Amino acid sequence: MKTKTLLFPLLGASLLMAGTPGEAGDPGYQAVLIDEGLSGAAFVVEANVRSGSKPELIVSGFGPVSVGPMGPVISDSGTVTIYSGAYRGYADKKERSKAIKHVVVGENELITFPNRAQPALINDDKHVDIIVPGGYFFDTSIGQARGSLTWWENQQDGTRWVRHDIVTGSPFSYHSAVLEDFDGDGIGDIASVAEDAGVASNPFDDVLELHIFYGVGDGTFAPAATAGLGGGGLIEAYDVDGDGDMDIVSPQFFGDVAGQPFIPLAARNADSASFVWFENLGGGVFSKHAIGLDQGPGFMITAVEDLLGDGITRWVATNHTNPNVTFRPFSLYPQPAVYEFTPGVDPRQPWNVRQLTPAGAFPVTGGVGQAAPGSIAAGDLNDDDRIDLAVSGDGARGLYWMEQKADGSFVTRQLPGSEGWGQAGGPVITNLGGNKKNEIGFGRFDLDSLGYWKR
C-alpha cells in the first residue's frame, strides 16, 4: 500500500524541544509574522523581481482545502504573491511585518496548487519573470486533469504580470521547474518532472516523466519532450559531471522507490533509488543514475558549495518517512533524517552518504499521510563562518536549524516559537534587512501563515 501526505510540497512537522534563546549555540532567533491570511500558504522562494537591492519573497498559496465524503476537495484557485519590505525594518512594535503585497497569480486564474515558483529571465527585457508549476498529483484518481506550467512576464517593475501558458489541463502535476539551455542552442529550456501518482493506495500505477520544454525563442516553448522516467518533486539543475552542460538532480518519492525495502541492496538501481541524477548526454538524451539507494522516499536534494569549508560541493537531502506506521513498507523505511551526499570519482556510481541527524530528530505527529522532514536550505545562521541548515519538520510540526560544529558534525534544534508550524514551505535563508544577519522565511500551510525568524 502506498499513501502520501496530502500536499507533498509542504507536509508534516514536529515538537522536538531544541533549545531556548540564550542556550549555548542558540542563535537567538525570534518569529515575525508576515501574513496570517494567506490561504494554503505553501512554497517560499526569494528573488529580486523589483528594482532595488533588497530581495522579495515569492510565495505560493494552494487556496482552501477541505475534506469531503470522497476525500480531499482540492481548490482550483491558488495564488502566487510577492512580498516586498518583509524584513525587520518594516515590523511594528508587535513584531508583525508591514510587508507590501503584489499579486502575481490571482484566484481568478484558476491555477490548481501553484507549487514552487521559479524566478527566471525568460525574455530579453532583463526583468526577472516567474515560472509557476502547478497541479495535484492524485488528480487522475478523482477524474481531474489540472496540471499546468505557466510563466508570468514581469511588467511595470513587478507590479503587473502577464500570463503565458506552456501547458494546461495536464493529468500530470509539476512541482518545480528549472530554466537552462539543455540543448546548447543558446535559448533557455524548461525542465520539470511530471507526476501522476494515480490512486494513493496503489504503488504500481505511478507515472513519472522528466519533461523538457525546449525554448523556441521570444518566450515560447515547444510541447513537452520526455527525456527520462522517474525523479520528481523538487529538482535542481547542476553540471554534476563537469562536462559543461546542465544535468538534473532529483529526489524520488513515487514509483519503484515504494518497494525499496523488499529489494536486496545489491539489486537496487536508479529506478528504486531515493535520489537520482539525469546525465545530459546531448541531443535530448538523458541517462538516470542512482545517488542514494537506502533512504526511503526522497523529498528534496540541493547542492551546497563548500559545505564543510574544504571547497567541495556536497549535497544535502531529506527523506520523507513516518516511524509511527506499523505496517509495511512504511515500517521498513529509515527514520526521518537529513543526509549529506558527496559524489565520488565516478558520479555515475552511488555517492558517499553521511546521515547528519540522529534517530528521533523529527518526531512525526499523526499516522499514515504524515511524514518528515520537508524542505531544506543552507546558510550561516549564527555568524561563526560555518554553513548551517534550516529544515521544515513538516509532519513533525516544527521548524529546525542544524548548527554545524567545528568538526563538521551538526546539532539539530527547533527554532523557538515554531511549535505547530507544520507542512511548512521554504525555507528561505537570506539577508532581507541589510543588517548582515540572515533571516529564515517559512510558509505554513496548516494555519495559512507566512513568517520569518530574525536575530
Could you rank the peptides 62-68, 392-398, 225-231 by their average count of other C-beta atoms within 10 Å per residue, with the highest value first?
392-398, 225-231, 62-68
Measuring from label point to label point, each 7 Å out along Cα→Cβ, what is the D346 to D306 span in nm?
3.2
Measuring from centroid to centroid over Cα atoms, what is the spacing of segment 157-178 and segment 284-353 in Å?
28
Per residue, how much accessible area does the chain have with a 1.4 Å probe, in Å²?
37
Between D76 and N48, what length in nm is gained on full extension when 0.36 nm per residue of separation is reduced by their alpha carbon distance?
7.3 nm
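For the chain, what is the relative contact order in percent, using Cα pairs closer than 8 Å and at least 6 residues apart in sequence? Show your work: numbers first, answer last.
On the way: 1414 pairs, mean separation 83.6, N = 455.
Worked out over the chain, it gives 18 percent.
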Suppose R0 equals 35 Å; then what is the FRET efficiency for D157 and D181 from their Cβ-Cβ distance, rounded to the nearest 0.05?
0.85
Considering only protein heavy atoms and a probe of 1.4 Å, how much of the accessible area of the chain is carbon and sulfur, as a whole percent?
51
Treat each spin label as a single point 7 Å out from the Cα along the C-beta direction, and report the N435 to R455 distance in nm.
1.1
Computed over the Cα atoms of segment 358-455, what is the convex hull's projected area averaged over all directions, in nm²?
6.3
Give me the compactness ratio for segment 198-344, meaning the Cα radius of gyration over 2.2 N^0.38 Å.
1.11
One quarter of the C-alpha convex hull surface, i.e. the mean projected area of the chain in nm², amounts to 20.2
How much of the pair distance distribution for segment 292-378 lies past 21 Å, counting alpha-carbon pairs only, in percent?
33
Gyration tensor on Cα atoms of segment 93-214, a ≥ b ≥ c root eigenvalues, a/c under 1.5 rounded, else prolate if a/b beats b/c, else oblate, says oblate
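Once a ≥ b ≥ c are taken as the square roots of the eigenvalues of the Cα gyration tensor of segment 247-322, is the result rounded (a/c under 1.5), prolate (a/b larger than b/c) or oblate (a/b not larger than b/c)?
Taking the square roots of the gyration eigenvalues as a ≥ b ≥ c, segment 247-322 is oblate.
The values are calculated or read from the model by the stated rules, or taken from the named source; none is laboratory data. Because the structure is predicted, anything quoted here is derived from the model rather than measured. Note that we place each Cβ from the backbone using ideal geometry, even for glycine, and neighbour counts take in every protein chain shown. These area figures cover heavy atoms from the full protein model, side chains too; ligands, DNA and RNA do not enter into them. Shrake-Rupley method; radii C 1.70, N 1.55, O 1.52, S 1.80 Å.
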